[in-house]
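Okay, structure first, notes after.
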Amino acid sequence: MTKVTIHKNKSGDYLGFLCEGHAGFAKRGEDIVCAAISVLTINTINSLEELTKEPMQVETDEAAGRIRCTFKAHPLQETSRVLMDSLTLGLQRIQAQYGDKHCKLTVEEV
C-alpha cells in the first residue's frame, strides 16, 4: 500500500507531504496505481519547483518508495496552494477508485 500523509498546521497551511510504499495493485512495472500516485507527486514537486519557485526540501529513497517534501515558507503562495489542492484531489480520487488497500491518504495536523 502507498501511504500519503499531507501535513498542515492549525491554520490549514500546507507544511509538506510524505509519500511512501508501493501500491501492490499489480506486479512491479505494471502497477497502474503506483504509477498514478508517482506521477501526481513527482509532477506536483516539479511544478512547485519550476512554476512557483516555492522554497522546499525534497528527499527521496527510490528503493523504499519514499518521497518527502517539506515547505520552507508558510503560508504557501496562492499558486502553490492550488497545486497542493490538486494533488490532494487526485490522491482522493485514486483512493476512492482503488481503495485503502492500495492508496491511503491522510491529512495530518502538525
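FYI, it's all coordinate maths here, none of it is from the lab. Since the model is a prediction, treat every value here as computed from it, not as a measurement. FYI the Cβ positions are ideal-geometry reconstructions off the backbone, even for glycines, and counts take in every protein chain you see.
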When residues of segment 77-103 are limited to those that are touching a helix residue (DSSP H, G or I) at 6+ places or on another chain (Cβ under 7 Å) and not in a helix (DSSP H, G or I), the one nearest to LEU18 (Cα to Cα): CYS103
Failed criterion for THR44 (all others in (1) part of a helix (DSSP H, G or I); (2) without any contact (Cβ under 8 Å) to a residue 24 or more places away in the chain hold): (2)
Members of segment 1-12 found to be surrounded by fewer than 19 Cβ atoms within 10 Å (Cβ to Cβ) and either under 14 Å from LEU105 (Cα atoms) or touching a residue at least 60 places away in the same chain (Cβ under 8 Å) (or both), listed by number: MET1, LYS3, THR5, LYS8, ASN9, LYS10, SER11
Residue within segment 86-107 that is touching a Phe, Trp or Tyr at 6+ places or on another chain (Cβ under 8 Å) and within 21 Å of ASP13 (Cβ to Cβ) present: yes
Top-ranked residue in segment 10-27 [being of a type in the set (D, E, K, R) and out of contact with any strand residue (DSSP E or B) (no Cβ under 7 Å at 6 or more places or on another chain); ranked as farthest from SER38 (Cα to Cα)]: ASP13
Selected residue (criterion: surrounded by the most Cβ atoms within 10 Å (Cβ to Cβ)) from residues of segment 13-34 that are of a type in the set (Asp, Glu) and more than 28 Å from THR79 (Cβ to Cβ): ASP31
Those residues of segment 1-16 which are in a strand (DSSP E or B), within 13 Å of ARG81 (Cα to Cα) and either in contact with a helix residue (DSSP H, G or I) (Cβ under 9 Å, 6 or more places away or on another chain) or hydroxyl-bearing (Ser, Thr, Tyr) (or both), in sequence order: ILE6, TYR14
Single residue of GLU78, GLU59 found to be loosely packed, with under 11 Cβ neighbours inside 10 Å, more than 19 Å from THR106 (Cα to Cα) and touching a strand residue (DSSP E or B) at 6+ places or on another chain (Cβ under 6 Å): GLU59
Subset of segment 56-76 (residues that are part of a loop (DSSP other than H, G, I, E, B) and either within 12 Å of the chain's Cα centre (by Cα) or within 17 Å of ILE6 (Cα to Cα) (or both)): GLY65, LYS72, ALA73, HIS74, PRO75, LEU76
Leading residue by the ranking (surrounded by the fewest Cβ atoms within 10 Å (Cβ to Cβ)) among those in segment 81-110 that are more than 17 Å from ILE42 (Cβ to Cβ) and among the hydroxyl-bearing types (Ser, Thr, Tyr): THR106
Inter-residue pairs, beta-carbon under 6 Å, first in contact (Cβ under 8 Å) with a residue 12 or more places away in the chain and in segment 96-110, second surrounded by 12 or more Cβ atoms within 10 Å (Cβ to Cβ) and of a type in the set (D, E, K, R), 6+ apart: LYS104/LYS3; GLU109/LYS8
